[in-house]
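**Q** My structure is below; once you've seen it, I'll send some questions.
The values are calculated or read from the model by the stated rules, or taken from the named source; none is laboratory data. Note that this is a predicted model, so its numbers are computed, not measured. Using ideal geometry, Cβ is built from the backbone for each residue, glycine included, and neighbour counts are taken over all protein chains shown.
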Amino acid sequence: MSPKKAKKKALEASSNVFTMFEQSQIQEFKEAFTIMDQNRDGFIDKDDLRGTFAAIGRINVKQEEIDEMLKEAPGPINFTVFLAMFGEKLKGSDPEETILNAFKVFDPEGNGVLQKDGVTEMLTTQADRFTPEEVEQMFTAFPPDVAGNLDYKNLVYVITHGEEKEDDKE
């Protein structure tokens, strides 16, 4: 791709990128970009990626892996392109469906709810285990109904969209 076409594609990809994120998220991405831009030239290049990998303990990263990462960008990676790439990654997948499918594994009846005791057991004994305090925080934010059922469909909606559905706020 010619440099002119790459620049045009980068501009198209980034035209509305700042509307895809909240201001606090943009600030977090800016901090990450600044950390990765080790030579402080405003662009992330091969040397910056190699330095970033070294900073997290990955010293023997193959050049091909770095080249593949850079090929994902439509051109030189400045902050706007960096943000657009994250936006595309997030938009390109369906995290809501993925998270719902994870919960559905524990909902064989498919009724959209899980028992509080079962959720607590799962979260405190499997994989990245929650502490009792983390479980309590979750149930404070997403309280189960009087029967002890957790509406995981609403929980997933809030996780992926950031607010409750309008019809659930009544």
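**Q** What are the residues in the range 128-140 that are more than 20 Å from the chain's Cα centre (by Cα) and under 24 Å from Gly110 (Cβ atoms), if any?
**A** Phe139
**Q** Anything in the range 59-84 that is in a helix (DSSP H, G or I), without any contact (Cβ under 8 Å) to a residue 24 or more places away in the chain and under 22 Å from the mean Cα position of the chain (by Cα)? List them, or say none. Give the derivation first.
**A** Pass one, the range 59-84, residues in a helix (DSSP H, G or I): 63-71, 79-84.
If we keep only those that are without any contact (Cβ under 8 Å) to a residue 24 or more places away in the chain too, we end up with 63-69, 71.
Selection gives Glu65, Ile66, Glu68, Met69, Lys71.
**Q** It is to be established whether one or more residues within the range 117-127 are in contact (Cβ under 8 Å) with a residue 40 or more places away in the chain and either in contact with a Leu (Cβ under 7 Å, 6 or more places away or on another chain) or part of a loop (DSSP other than H, G, I, E, B) (or both).
**A** First, pick out the residues of the range 117-127 that are in contact (Cβ under 8 Å) with a residue 40 or more places away in the chain: none.
Checked the range 117-127: no residue is in contact (Cβ under 8 Å) with a residue 40 or more places away in the chain and either in contact with a Leu (Cβ under 7 Å, 6 or more places away or on another chain) or part of a loop (DSSP other than H, G, I, E, B) (or both).
**Q** Within the range 5-28, is there a residue that is modelled with pLDDT of 90 or more and not β-branched (Val, Ile, Thr)?
**A** no
**Q** How many residues does the range 35-58 contain that are of a type outside the set (Asp, Glu) and part of a helix (DSSP H, G or I)? Lay out the reasoning, then the answer.
**A** Of the residues in the range 35-58, the ones of a type outside the set (Asp, Glu) are 35-36, 38-40, 42-44, 46, 49-58.
Filter again for part of a helix (DSSP H, G or I), leaving 35-36, 46, 49-55.
Result for the range 35-58: 10.
**Q** Any residue in the range 101-113 that is over 30 Å from Asp151 (Cα atoms), in a loop (DSSP other than H, G, I, E, B) and among the acidic types (Asp, Glu)? Don't jump to the end; show me each part of the working.
**A** Kept after step one, since they are over 30 Å from Asp151 (Cα atoms), are these residues of the range 101-113: none.
No: zero hits.
**Q** Which of (1) surrounded by 11 or more Cβ atoms within 10 Å (Cβ to Cβ); (2) within 22 Å of the chain's Cα centre (by Cα); (3) farther than 14 Å from Leu83 by Cα is the odd one out, the single condition Ile56 does not satisfy?
**A** The failed condition is (1).
**Q** A further question follows. Could you please let me know if Asn101 is exposed (fewer than 12 other Cβ atoms within 10 Å of the Cβ), more than 18 Å from the chain's Cα centre (by Cα) and at pLDDT below 85? It would help to see each step written out before you state the result.
**A** Values: exposed (fewer than 12 other Cβ atoms within 10 Å of the Cβ): yes; more than 18 Å from the chain's Cα centre (by Cα): no; at pLDDT below 85: yes.
No: the conditions fail for Asn101.
**Q** Out of everything in the range 112-150 that is of a type in the set (Asp, Glu) and within 20 Å of Ala102 (Cα to Cα), what residue ends up being surrounded by the fewest Cβ atoms within 10 Å (Cβ to Cβ)? Full working, then the answer.
**A** Initial filter on the range 112-150 (of a type in the set (Asp, Glu)): 117, 121, 128, 133-134, 136, 145.
So of that shortlist, the ones also within 20 Å of Ala102 (Cα to Cα) come out as 117, 121, 128, 134.
Numbers: Asp117: 10, Glu121: 12, Asp128: 5, Glu134: 12.
Ranking the candidates gives Asp128 first.
**Q** Go through the range 116-170 and count every residue that is on the phi > 0 side of the Ramachandran plot and at pLDDT 75 or above. Steps first, answer last, please.
**A** Taking the range 116-170 as the starting set, the residues that turn out to be on the phi > 0 side of the Ramachandran plot are 127, 148, 162.
Subset that is at pLDDT 75 or above: 148.
Of the residues in that region, 1 qualify.
**Q** At pLDDT 85 or above and surrounded by 12 or more Cβ atoms within 10 Å (Cβ to Cβ): is that true of Phe79 in this structure? Lay out the reasoning, then the answer.
**A** Working: at pLDDT 85 or above: yes; surrounded by 12 or more Cβ atoms within 10 Å (Cβ to Cβ): yes.
Yes, satisfied.
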